[in-house]
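*Asks:* Quick one: the structure is below, questions incoming.
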Amino acid sequence: MKKIVSVLLCFVLTASFVPLAFAANGLQVDGSWKILVPASPNAYESFAAEKLRSTLSQVFGTEVETATEASGRYIAVGSAAAVDLSEVAANGYRIRVIDGNVHIGGTGVRGLQAGVYRFLEEFCGRKVYTAKITVLPTAGSVTVPADTDIVYAPFFEYTDTDWLSPRDVEYSMANGLNGGTYRRLPAEMGGTVNYLGGFCHTMGGLCETAKYKDTHPEYLALHDGERTTDQPCLMNPDVLEIAKGNVLKLLENGHDPSASVQIVSVTQNDNYNYCECDACKAFEAAHGGVQSATMINFVNQIADAVAEAGYENVAIDTFAYQYTRQAPTGIVPRDNVIVRLCTIECCFGHTLDDPSCEDNTALMKDLHDWNGICDRIYVWDYTTNYLHTCMVFPDFGTIQRNMQVFYENGVKGVYEEGNYYIDSCNVEFGELRAYMIAKCLQDPYCDLDSEINGFLASYYGPGWKHIRTAVDMYTEHGGDENGHLHIYLGANHSLQLTDREIYKIDECWNAAKREAATKEQKANVIRSEISWRFWKASMNKSEFSILNPNRFEEKQKLYRALRAHGVTTLSEGGYGDYYDCICIKYAPADEWNAYEADEIGAKTRRFFSRILERFVHLLAAFGLYYKIYNTFLSKTGD
Ligand SMILES: [Zn+2]
Ligand SMILES: [Zn+2]
């Protein structure tokens with residue numbers, strides 16, 4: 001009876017008050033709705049429709065059908081949708097309710113697919129938190145407000161990060177990552193924005209500096225009075241021709257006209273040995289006295305050759321990094337030149353636009369200057385502690401604002417470098433940070449707080465609020481005594497915490513462990529807690545306090561936990577043999593990697609380690625053993 005009444009009611013309402021009824025209640029999309037696809041769909045439409053159909057089938061617990069003719073209620077996809085896309089930016093989308101049906105349209109190579117993923121996230125609550133954790137609530141129906149009209153334009157044309165889960169295809173699609181260095185998305189998903197050839201520091205290869213060492217030393221940089229293969233001379237016309245030829249060769253072999261953009265990196269080698277010949281110096285003197293002048297001049301000419309050859313969707317990328325970070329004057333990068341500004345010197349305890357932080361105001365000046373002459377700035381940003389990667393890196397408070405700063409200052413692409421060696425060193429907050437980064441790249445103005453909470457609840461379980469408290473405390477007390485936080489840091493410059501605060505954070509971790517509901521959640525808590533233990537073991541705090549007679553055993557427990565979690569390196573470029581040294585027991589954890597290098601002296605170290613082990617009980621008090629050991633090593637030059 002009730003059903004008949006509501007059917008009747010519906011009939012009455014449909015007759016005269018459709019818009020009002022939908023505005024009040026929204027559309028109830030359920031398993032009876034069809035996915036409306038064009039009769040001859042292209043690859044993007046086929047992928048988008050099938051993604052929508054299969055996921056909605058899971059949500060509703062019934063097989064949702066596709067149709068090419070409208071009958072009954074439907075969600076129209078691609079060219080079957082009646083949305084006006086004329087105002088939608090490239091690779092954007094529009095989701096709109098029209099006459100009681102849902103229409104999803106997109107532009108470019110990935111707009112439509114992104115629109116479907118947005119629909120699933122927005123209206124079905126689908127979240128891809130990690131490569132292994134996807135949340136998809138089941139329901140009889142989902143509500144789509146009748147006035148829905150979502151228009152999305154990508155904030156960045158290129159989005160990439162090297163953290164772990166972001167390398168996963170499904171994760172990348174759901175969270176909007178499109179860089180091709182750490183993932184390959186198939187063509188129907190929109191493909192990736194790829195760097196042809198190398199991703200960075202390509203100059204030596206493109207200019208073939210090593211090859212001309214003896215025959216043409218004038219091709220090489222003149223630095224400190226000597227020719228060096230470390231960099232080429234950027235004012236030498238023959239060098240330009242060699243580089244041009246190699247870039248065009250790369251394009252002949254790898255150009256994809258259907259890609260949204262393809263990039264060839266023409267970037268300085270990773271050293272400061274730039275050319276100081278008369279021609280280079282004169283050109284730089286006339287253009288602001290900075291080394292970026294010769295770089296832009298060189299790269300512009302390659303970009304011209306690429307444009308003349310008809311490669312319309314190709315951009316030439318160069319660095320504003322270290323000695324080329326400052327913008328030149330009197331010379332402007334071409335439209336098809338990308339300037340990739342690197343934040344390696346910055347502070348991540350303060351936002352980039354914090355006027356009280358000197359390192360960041362310097363970067364902001366450079367960003368502003370480049371933005372004045374370049375419409376295509378990319379950023380290479382940093383999101384881990386490269387010296388002590390196992391230790392908490394409390395940059396959580398700056399990720400979102402920094403992304404907004406990039407967007408508001410004309411940045412068109414962002415690469416967030418993190419712990420790219422995570423396979424050998426994964427005990428911090430890698431997955432949380434990755435998710436925060438991905439969500440901010442997708443939309444720098446997203447409700448990040450609620451994203452973080454949703455992530456924490458799924459990843460760490462019912463005790464997630466304790467982890468949130470700990471993360472917030474890390475953020476509040478992060479950095480040195482002035483709150484500055486750099487990417488090569490010791491423990492004393494990472495966190496400033498009183499014993500009382502340390503106790504409170506210990507309690508948070510204990511509670512989160514107790515309350516974890518699944519084996520996986522508990523394992524995730526334990527994994528991330530190691531970064532906290534590592535900090536304490538570096539600072540002799542809590543269970544590592546010199547007042548605790550079991551502190552050595554605690555250090556060894558930490559060491560065993562690191563090994564059990566597959567940690568074979570403690571820092572970027574580490575050697576993976578830190579465990580050879582008995583100093584694990586006595587030295588602060590953030591000095592362990594001083595014993596990592598398996599270079600000259602490693603044998604001696606191990607020999608003396610064994611002898612000194614016999615005296616440690618006497619010498620261990622107050623770290624005396626370690627100090628003597630260290631003094632010995634510094635005297636022998638190890
Ligand atoms: Zn030169
Ligand atoms: Zn700072």
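The values are calculated or read from the model by the stated rules, or taken from the named source; none is laboratory data. Please read all numbers here as calculations on a predicted model, not as lab measurements. Don't worry about glycine lacking a Cβ; one is built from the backbone with ideal geometry, like all the others, and counts go over all protein chains shown.
Residue by residue, here is whether (1) more than 24 Å from Ser424 (Cβ to Cβ); (2) of a type in the set (Ser, Thr, Tyr) holds:
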| site | (1), (2) |
| --- | --- |
| Asn482 | yes, no |
| His486 | no, no |
| Gln496 | yes, no |
| Lys513 | yes, no |
| Asn550 | yes, no |
| Thr569 | no, yes |
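*Asks:* Kindly indicate whether any position in region 59-74 is under 16 Å from Val144 (Cβ atoms), in a loop (DSSP other than H, G, I, E, B), out of contact with any Lys or Arg (no Cβ under 9 Å at 6 or more places or on another chain) and of a type in the set (Asp, Glu).
*Replies:* Residues of region 59-74 under 16 Å from Val144 (Cβ atoms): 59-60, 64, 72-74.
Among the residues that remain, those that are also in a loop (DSSP other than H, G, I, E, B) are: 64, 72-73.
In the following step, the residues that additionally are out of contact with any Lys or Arg (no Cβ under 9 Å at 6 or more places or on another chain) were identified as none.
Within region 59-74, not a single residue is under 16 Å from Val144 (Cβ atoms), in a loop (DSSP other than H, G, I, E, B), out of contact with any Lys or Arg (no Cβ under 9 Å at 6 or more places or on another chain) and of a type in the set (Asp, Glu).
*Asks:* Can you run down the residue pairs with Cβ atoms below 9 Å, 6 or more apart or on separate chains, where the first is in region 237-258 and closer than 16 Å to Asn194 by Cβ and in the same structural domain as Lys211 (by TED's automatic domain parsing) and the partner is exposed (fewer than 15 other Cβ atoms within 10 Å of the Cβ) and among the acidic types (Asp, Glu)?
*Replies:* Pro257/Glu312
*Asks:* Hey, Val264 hits all of (1) in a helix (DSSP H, G or I); (2) touching a residue at least 60 places away in the same chain (Cβ under 8 Å); (3) more than 16 Å from ligand 1 (Cβ to nearest atom) but one; which does it fall short on?
*Replies:* If we test Val264 against (1) in a helix (DSSP H, G or I); (2) touching a residue at least 60 places away in the same chain (Cβ under 8 Å); (3) more than 16 Å from ligand 1 (Cβ to nearest atom), just (1) comes out false.
*Asks:* Further question: Residues in region 423-441 that are at pLDDT 95 or above and closer than 22 Å to Phe199 by Cα: how many?
*Replies:* Counting residues in region 423-441 that are at pLDDT 95 or above and closer than 22 Å to Phe199 by Cα gives 4.
*Asks:* Let me ask another. Return yes when Pro333 is surrounded by 24 or more Cβ atoms within 10 Å (Cβ to Cβ), within 16 Å of ligand 1 (Cβ to nearest atom) and of a type outside the set (A, V, I, L, M) and no when it is not.
*Replies:* Values: surrounded by 24 or more Cβ atoms within 10 Å (Cβ to Cβ): yes; within 16 Å of ligand 1 (Cβ to nearest atom): no; of a type outside the set (A, V, I, L, M): yes.
Judged against the criteria, Pro333 is not a match.
*Asks:* Let me ask something additional. Filter region 282-330 down to residues that are touching a residue at least 40 places away in the same chain (Cβ under 8 Å), under 22 Å from Leu367 (Cβ atoms) and hydroxyl-bearing (Ser, Thr, Tyr) and give me whichever is surrounded by the fewest Cβ atoms within 10 Å (Cβ to Cβ).
*Replies:* Thr329
*Asks:* OK, next. Mind counting the residues in region 75-106 that are in a loop (DSSP other than H, G, I, E, B), of a type in the set (D, E, K, R) and under 17 Å from Pro154 (Cα atoms)?
*Replies:* Initially, region 75-106 is screened for residues in a loop (DSSP other than H, G, I, E, B), giving 81-92, 99-100.
In the following step, the residues that additionally are of a type in the set (D, E, K, R) were identified as 84, 87, 99.
In the following step, the residues that additionally are under 17 Å from Pro154 (Cα atoms) were identified as 87.
Within region 75-106, residues that are in a loop (DSSP other than H, G, I, E, B), of a type in the set (D, E, K, R) and under 17 Å from Pro154 (Cα atoms) number 1.
*Asks:* So which residues in region 313-342 are among the basic types (Lys, Arg) and in a strand (DSSP E or B), if there are any at all?
*Replies:* Start the filter on region 313-342 by keeping residues that are among the basic types (Lys, Arg), which leaves 325, 334, 340.
The one that is among the basic types (Lys, Arg) and in a strand (DSSP E or B): Arg340.
*Asks:* Say we look at region 460-483 and pick out the residues that are surrounded by fewer than 17 Cβ atoms within 10 Å (Cβ to Cβ) and over 16 Å from Phe396 (Cβ atoms); which of these is nearest to ligand 1 (Cβ to nearest atom)?
*Replies:* Asn482
*Asks:* Do we find a residue being surrounded by fewer than 22 Cβ atoms within 10 Å (Cβ to Cβ) and small (Gly, Ala, Ser) anywhere in region 420-437?
*Replies:* Within region 420-437 (the criterion being surrounded by fewer than 22 Cβ atoms within 10 Å (Cβ to Cβ) and small (Gly, Ala, Ser)), the answer is yes, since at least one residue qualifies.
*Asks:* Could you check Ala286 against (1) within 16 Å of ligand 1 (Cβ to nearest atom); (2) touching a Phe, Trp or Tyr at 6+ places or on another chain (Cβ under 7 Å) and say which number it fails?
*Replies:* Condition (2) is where Ala286 drops out.
*Asks:* For Ala307, work out the one condition from (1) out of contact with any Ser or Thr (no Cβ under 7 Å at 6 or more places or on another chain); (2) within 16 Å of ligand 1 (Cβ to nearest atom) it doesn't fulfil.
*Replies:* With (1) out of contact with any Ser or Thr (no Cβ under 7 Å at 6 or more places or on another chain); (2) within 16 Å of ligand 1 (Cβ to nearest atom) applied to Ala307, the lone miss is (2).
*Asks:* Also, I was wondering about something else. Go through (1) over 24 Å from Gly289 (Cβ atoms); (2) away from ligand 2 (no atom under 16 Å from the Cβ); (3) out of contact with any Leu (no Cβ under 7 Å at 6 or more places or on another chain) for Tyr311 and report which single condition fails.
*Replies:* (3)
*Asks:* With respect to Asp354, determine if the residue is charged (D, E, K, R) and more than 30 Å from Gly108 (Cβ to Cβ).
*Replies:* yes
*Asks:* Sort out which residues of region 255-270 are over 28 Å from Glu312 (Cα atoms) and either out of contact with any helix residue (DSSP H, G or I) (no Cβ under 9 Å at 6 or more places or on another chain) or within 16 Å of ligand 2 (Cβ to nearest atom) (or both), and write them in order of number.
*Replies:* We begin by selecting, within region 255-270, every residue over 28 Å from Glu312 (Cα atoms); these are 270.
Of everything in region 255-270, nothing turns out to be over 28 Å from Glu312 (Cα atoms) and either out of contact with any helix residue (DSSP H, G or I) (no Cβ under 9 Å at 6 or more places or on another chain) or within 16 Å of ligand 2 (Cβ to nearest atom) (or both).
*Asks:* Out of (1) closer than 30 Å to Pro154 by Cβ; (2) loosely packed, with under 14 Cβ neighbours inside 10 Å, the odd one out for Ala517 is which?
*Replies:* (1)
*Asks:* Among the residues of region 234-247, count how many are away from ligand 1 (no atom under 16 Å from the Cβ) and surrounded by fewer than 18 Cβ atoms within 10 Å (Cβ to Cβ). Before the answer, list the steps.
*Replies:* Narrowing region 234-247 to residues away from ligand 1 (no atom under 16 Å from the Cβ): 244-247.
Now restrict to residues that are surrounded by fewer than 18 Cβ atoms within 10 Å (Cβ to Cβ): 245.
Of the residues in region 234-247, 1 are away from ligand 1 (no atom under 16 Å from the Cβ) and surrounded by fewer than 18 Cβ atoms within 10 Å (Cβ to Cβ).
*Asks:* Which condition number in (1) touching a residue at least 60 places away in the same chain (Cβ under 8 Å); (2) more than 16 Å from ligand 2 (Cβ to nearest atom) is the one that Asn371 fails?
*Replies:* If we test Asn371 against (1) touching a residue at least 60 places away in the same chain (Cβ under 8 Å); (2) more than 16 Å from ligand 2 (Cβ to nearest atom), just (1) comes out false.
*Asks:* Within region 418-439, take every residue that is closer than 22 Å to Ala174 by Cα and part of a loop (DSSP other than H, G, I, E, B) and give me the one that is nearest to the chain's Cα centre (by Cα).
*Replies:* Once the filter is applied, the top-ranked residue is Gly418.
*Asks:* Criterion first (under 27 Å from Val567 (Cβ atoms) and either modelled with pLDDT of 95 or more or crowded, with 18+ Cβ neighbours inside 10 Å (or both)) does Asp369 satisfy it?
*Replies:* Values: under 27 Å from Val567 (Cβ atoms): no; either modelled with pLDDT of 95 or more or crowded, with 18+ Cβ neighbours inside 10 Å (or both): yes.
Judged against the criteria, Asp369 is not a match.
*Asks:* Before we move on, is Thr161 buried (at least 22 other Cβ atoms within 10 Å of the Cβ), touching an Asp or Glu at 6+ places or on another chain (Cβ under 6 Å), under 23 Å from Asp256 (Cβ atoms) and not aliphatic (A, V, I, L, M)?
*Replies:* yes
*Asks:* Of the residues Asn360, Asn453, Asn402, which single one is outside any loop (DSSP other than H, G, I, E, B), surrounded by 23 or more Cβ atoms within 10 Å (Cβ to Cβ), away from ligand 1 (no atom under 16 Å from the Cβ) and without any contact (Cβ under 8 Å) to a residue 24 or more places away in the chain? If you could, list the steps in order and put the result at the bottom.
*Replies:* Numbers: Asn453 fails: surrounded by 23 or more Cβ atoms within 10 Å (Cβ to Cβ); Asn402 fails: without any contact (Cβ under 8 Å) to a residue 24 or more places away in the chain.
After ruling out the rest, the residue left standing is Asn360.
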